[in-house]
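**Q** Can you keep this structure in mind? I'll have questions shortly.
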Amino acid sequence: MNINDVLFYADAFLILSCAVVAVSMRHLLHAALALMMSLFCTAGLFILLRAEFAALVQVMVYIGGVVIFIIYTILLTAHLGEDLPKSTFARNLGAAAVALAFCALLLLVLWRGHAADVPAGYEPQLDAGGLREIGRRLLSSKSDGFVLPFEIVSLLLLAALVGAVSIARKAMPQEEEHK
């Protein structure tokens, strides 16, 4: 067993541990921080696989965008000192059944998906997903580019954040009147 194997298994253990903590925490802010740590460890896994661009996207998009957006939403709309209500046995049983079904499906796909299914003359296109091609498509305004969808998504996220702030601001005075 070489150092890459040890790092892979350590990182996989950290990813799974943080994911379990994220879904089992009753405090929303702590759950979001555990999710952020799980996503950060996933970026480490991408680095181990020598997919540096995927690791960068993981950190910038998921941690820098999505998780920070979730944390802002929690901070603006939730009461930080309150915990989530305890889950019932039926919900825990249903969640365990769905998780086991998903794991069984994943194992079935991994068991049936052999490398022998690749055609004999197949050679992957090494430059099709290269950094230069990805950068060109991200910044292109032509039909194969992603500038317009990227801007639309950024405007939707901005509108959602403004909506969360306005809902939080309207809810605060009403709650203070009832106390």
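The values are calculated or read from the model by the stated rules, or taken from the named source; none is laboratory data. Here the structure is a predicted model, which means the values were calculated and not measured. Using ideal geometry, Cβ is built from the backbone for each residue, glycine included, and neighbour counts are taken over all protein chains shown.
To keep it simple, each residue is scored yes or no on (1) within 25 Å of residue 54 (Cβ to Cβ); (2) at pLDDT 75 or above; (3) assigned to a helix (DSSP H, G or I).
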{"site": "73", "(1), (2), (3)": "no, no, yes"}
{"site": "79", "(1), (2), (3)": "no, no, no"}
{"site": "97", "(1), (2), (3)": "no, yes, yes"}
{"site": "137", "(1), (2), (3)": "yes, yes, yes"}
{"site": "152", "(1), (2), (3)": "yes, yes, yes"}
{"site": "163", "(1), (2), (3)": "no, yes, yes"}
{"site": "173", "(1), (2), (3)": "no, no, yes"}
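**Q** Could you please tell me which pairs satisfy a Cβ distance under 7 Å, a separation of 6+ or placement on different chains, a first residue in the stretch 46-71 that is under 30 Å from residue 164 (Cα atoms), and a second residue that is exposed (fewer than 15 other Cβ atoms within 10 Å of the Cβ) and at pLDDT 85 or above?
**A** Between residues of the stretch 46-71 that are under 30 Å from residue 164 (Cα atoms) and residues that are exposed (fewer than 15 other Cβ atoms within 10 Å of the Cβ) and at pLDDT 85 or above, there is no close pair.
**Q** For the stretch 19-32, what are the residues that are in a helix (DSSP H, G or I) and either over 14 Å from residue 73 (Cβ atoms) or of a type outside the set (A, V, I, L, M, F, W, C) (or both)?
**A** 19, 20, 21, 22, 23, 24, 30
**Q** Inside the stretch 35-55, can you point out the residues that are in a helix (DSSP H, G or I) and at pLDDT below 85?
**A** 52, 53, 54
**Q** Considering every residue within the stretch 114-129, establish whether at least one is at pLDDT 75 or above and either among the small types (Gly, Ala, Ser) or surrounded by 10 or more Cβ atoms within 10 Å (Cβ to Cβ) (or both).
**A** Scanning the stretch 114-129 turns up no residue that is at pLDDT 75 or above and either among the small types (Gly, Ala, Ser) or surrounded by 10 or more Cβ atoms within 10 Å (Cβ to Cβ) (or both).
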